[in-house]
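Here's the structure we're looking at; comments come further down.
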Amino acid sequence: MTKSQKKNLVRIVVSAVFFFAFITVEHFGNLGDNWILWLCLYAVPYLIVGYDIFGKAFKNIRGGQVFDENFLMVVATVAAFGIHEFSEAVAVMLFYQVGELFQGYAVGKSRRSISAMMDICPEYANVERDGALVQVDPDEVEIGDIIVVKPGERIPLDGVVVEGESLVDTAALTGESVPRRVSVGSDIISGCVNGSSTFKVKVTKAFEDSTVSRILELVENASSKKARVENFITRFARVYTPIVTAAAVLLAIVPPLLFGEQWATWIERACIFLVVSCPCALVISVPLGFFAGIGAASKLGVLVKGSNYLEVVSKVKTVVFDKTGTLTKGEFKVVEILPAEQASGNGSRIDADKLLEIAALGESCSNHPIAQSVLEAYANTHAGAAPELSRVGASEEIPGRGIRIPVDGKPTLLGNERLMLGEKIEFTPQVSAGTVIYVAQEGVFLGTIVISDTVKEGCAEAIGGLKLAGVEKCVMLTGDHRRSAEAVAGELGIDEFHAELLPADKVQRVETLLGARREGDMLAFVGDGINDAPVLSRVDVGIAMGSLGSDAAIEAADVVIMDDDIRKIPATVRLARKTMRIVRQNIVFALSVKAVILVLGAVGIANMWMAVFGDVGVSVIAILNSMRMLGFKAK
């Protein structure tokens, strides 16, 4: 509880003591019916608890915002004093402040659930200068500087470990409690906490471009991106409040003027009408529900950029996955080397080592993961040696098919079936669930190398979880050949897959899926956030997976899973749908109760105590309902 909240609590308690003491005296004492006396007595607890409401109302009126809850409270309670309903006037102001206290506590608790994400901001960086460690502001550290991170310190900037090893706690960013081991060569990101040993880091990004800085900016701006229902409630309150204020005025003056009714009776009914009509329950609980949902997501290690995206996720019926790096690890390994039966041109068969050597020479200039797996296999069979680059010439990429490159002066082709067919080379198709590289030299087919990627742990569970959460279709897109895609789709329970896609084809497939959906249904795309930025920005909601520290992911995606656990996607869908259920419950409950009491108040059945429940009671119940989101569990 903050200092101001403690101060308000003291005011409420003091006012309540006076209030209940005066009620007791009024009912059991012998002070008589001197209304001036009771006015003076009840004015004490009223002013103690309500003076700031007057200040807020007058301040808003001067600013042009007349019709708000503060104005309604002032008008209703002053009018109640005017008709000698002193205890009711104090009760309204007292319980209104109790509701405000609940609201402040609830918002504070929701904010604290996000504050773990906000606390990742480092206070300093240790830099070696003149043989001594100096603490400097992270803003002052430049790219290429070496910083020292001691045990227990928060890593201030992104970089690469150049000395030492340690266990790093990434929980503040990922929600993952198991520490990650880092050593020389490991990428390190800001915001994590060093657990065990001192190590040195070479800085690769300035502080303003670092992971921690970008995440803080997104968290701070999340509340500005409001859901449609939030915007509706805001617009509704602006129109609704002046209307009910005018209705209360008419209720107070029309019956006495036109029908000769008692002024006191109808002013009291107008006061009840004003108190009940206060839209606090809506304007407080609806934003609080979304805020609590975003806070609960942050505790799971999921960054939602705004409540509008939380609303969209709740309506997702189709989830499209990129395969490599999202459903599979992207760690390719050579699993088979299959020389052709007659491949040397003179009728003899080359062996597996020679085929691997030619393939490694051909892939020696490429950084593609598949090429790297071939080079790794070559290194494993040649005592860590790399191919001799002097034996190869300049490579030519054939988009979507493979490469052409001279090896030992001989034109060599490495690629897929389409490359062999396009070059009119006779070859033996290889049926495999992995990625197949066909190798040919001087127009002769030499053989195939099969490379396999492994499915990530928890993917099948995640797909099943999405179906249980209400997602109707899971689709996989990949550039791999059909057999590999079919094997992964079958293993995971994917409903639909599209293989052998070029980067532009993925966008086209997503456009087709967007066009085929029902009205109101949303489509999400899950990718690694690096190569999938065009698709992430096109769909209803883009989800970046395994993208800790990826600038492209944080920029392009609407929801960022801060680690590589795909099982957090169904948890996020369930969280979003629970958030929307709570928001709708609050809206229906608040409007229903208020409508009933408004009608009862207008016909003289409801009293001021019912009005207090209709305002403060409904607000407190709605606030407590919204706070249920903070206890959301991933499983």
key: Residue selected from region 597-616 under the condition free of Cβ contacts under 8 Å to residues at least 12 places away in the same chain and part of a helix (DSSP H, G or I), by the criterion surrounded by the fewest Cβ atoms within 10 Å (Cβ to Cβ)   = Val599
ask   = Considering Phe20, Phe67, which residue is among the aromatic types (Phe, Trp, Tyr), within 37 Å of the chain's Cα centre (by Cα) and in the same structural domain as Ile621 (by TED's automatic domain parsing)?
value = Phe67
query = What number of residues within region 140-155 are within 19 Å of Val193 (Cα to Cα) and among the charged types (D, E, K, R)?
reply = 3
key: Condition met for Arg349 (free of Cβ contacts under 8 Å to residues at least 40 places away in the same chain and in contact with a helix residue (DSSP H, G or I) (Cβ under 6 Å, 6 or more places away or on another chain))   = no
key: Options Ala462, Ala499, Ala469: the member that is over 27 Å from the mean Cα position of the chain (by Cα) and crowded, with 16+ Cβ neighbours inside 10 Å   = Ala499
query = Taking only pairs six or more apart or across chains, which ones have beta-carbon atoms under 7 Å, a first residue in region 17-34 that is farther than 18 Å from Val90 by Cα, and a second residue that is part of a loop (DSSP other than H, G, I, E, B) and at pLDDT below 80?
reply = none
message = Taking the conditions exactly as written (part of a loop (DSSP other than H, G, I, E, B) and buried (at least 23 other Cβ atoms within 10 Å of the Cβ)), does Ile566 satisfy them or not?
response = yes
task = Collect the residues in region 194-212 that are crowded, with 19+ Cβ neighbours inside 10 Å, part of a helix (DSSP H, G or I) and touching a Lys or Arg at 6+ places or on another chain (Cβ under 9 Å), keeping them in residue-number order.
result = Thr211, Val212
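For every residue, the table says whether it meets (1) surrounded by fewer than 21 Cβ atoms within 10 Å (Cβ to Cβ); (2) outside any strand (DSSP E or B).
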site	(1), (2)
Leu257	yes, yes
Gly293	no, yes
Ala297	no, yes
Tyr309	no, yes
Lys317	yes, no
Val335	yes, no
Leu338	yes, no
Asp353	yes, yes
Ala359	no, yes
ask   = List, please: which pairs have Cβ atoms under 7 Å, are six or more places apart or on different chains, and start with a residue in region 299-311 that is over 15 Å from Glu555 (Cα atoms) and end with one that is in a loop (DSSP other than H, G, I, E, B) and acidic (Asp, Glu)?
value = Gly301/Glu176; Gly301/Asp563
request  = Mind listing just one residue for me: the one in region 378-398 that is of a type outside the set (A, V, I, L, M) and over 45 Å from the mean Cα position of the chain (by Cα) and, of those, surrounded by the fewest Cβ atoms within 10 Å (Cβ to Cβ)?
outcome  = Ser390
ask   = Which helices (runs of 4 or more DSSP H) does region 409-524 wholly contain that include 3 or more residues that are over 30 Å from Leu389 (Cβ atoms) and at pLDDT 85 or above?
value = 459-468, 482-492, 503-516
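The values are calculated or read from the model by the stated rules, or taken from the named source; none is laboratory data. Just so you know, these numbers come straight off a predicted model, no measurement behind them. Don't worry about glycine lacking a Cβ; one is built from the backbone with ideal geometry, like all the others, and counts go over all protein chains shown.
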